[in-house]
Amino acid sequence: MTTEVRPWGLFENLLEEIDYKVKRIIISPNQSISLQYHFHREEYWIVVEGDGELTHEDTVRTVEVGDSVFIGKEDLHRLKAGKNGITIIETQIGLCEEDDIVRLEDHYGRVEWWKRFITYTQRIVVYFIRSKRMSLRLLGGP
């Protein structure tokens, strides 16, 4: 089991296989992970201690012990701990590499401007492609 300290708290790798990983993530009181997404993995979270504020895509909600969350590939997400901190168990499925984190906002200065530019451009293109497909379906097209 390996432990890695981050500016917001720490995580422990509890189990690591080729295409899945299980972590315990402990976020210190009033700290948060970056607003981020992943290209190559999905995540399942369950809150086991504390509470906090979850940002998932365009929704913000409170999470507490027993709540579970599914984070799909390319879903924007962030977790901020409450006044007593928050601990989650995270199961990753897919390509589980730490460099598959694309940070859009970060309180600790870990966002690279070129990644943000590329990310916003990609999301705009994906939005227009999806909109075009929806328009074609509404018109009876493919």
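What follows draws every value from the coordinates through simple rules; no lab data is involved. Predicted model only: the values in this text are computed from it and were never measured. Using ideal geometry, Cβ is built from the backbone for each residue, glycine included, and neighbour counts are taken over all protein chains shown.
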Near the amide H of I86, under 5 Å away, which other amide H atoms are found, from residues 5 or more places off or on another chain, if H is placed in the peptide plane? I27
For region 75-82, Karplus couplings with θ = phi - 60° (6.51, -1.76, 1.60), whole Hz, Gly/Pro x: 6, 5, 7, 7, 10, 10, 6, x
Under the Karplus relation 6.51 cos²θ - 1.76 cosθ + 1.60, θ = phi - 60°, what is the ordered set of whole-Hz ³J(HN,Hα) values for region 33-39, x standing for Gly and Pro? 6, 6, 6, 8, 8, 10, 7
Rank these for me by crowding, E17, E12, going from fewest to most other beta carbons within 10 Å. E17, E12
Centroid-to-centroid separation of region 1-61 and region 62-77 [C-alpha atoms, Å]: 9 Å
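Using the C-alpha atoms of region 9-83, what convex hull volume per residue, in cubic angstrom, is computed?
On the way: hull volume 6.5 nm³, N = 75.
Once divided by residue count, the hull of region 9-83 is 86 Å³.
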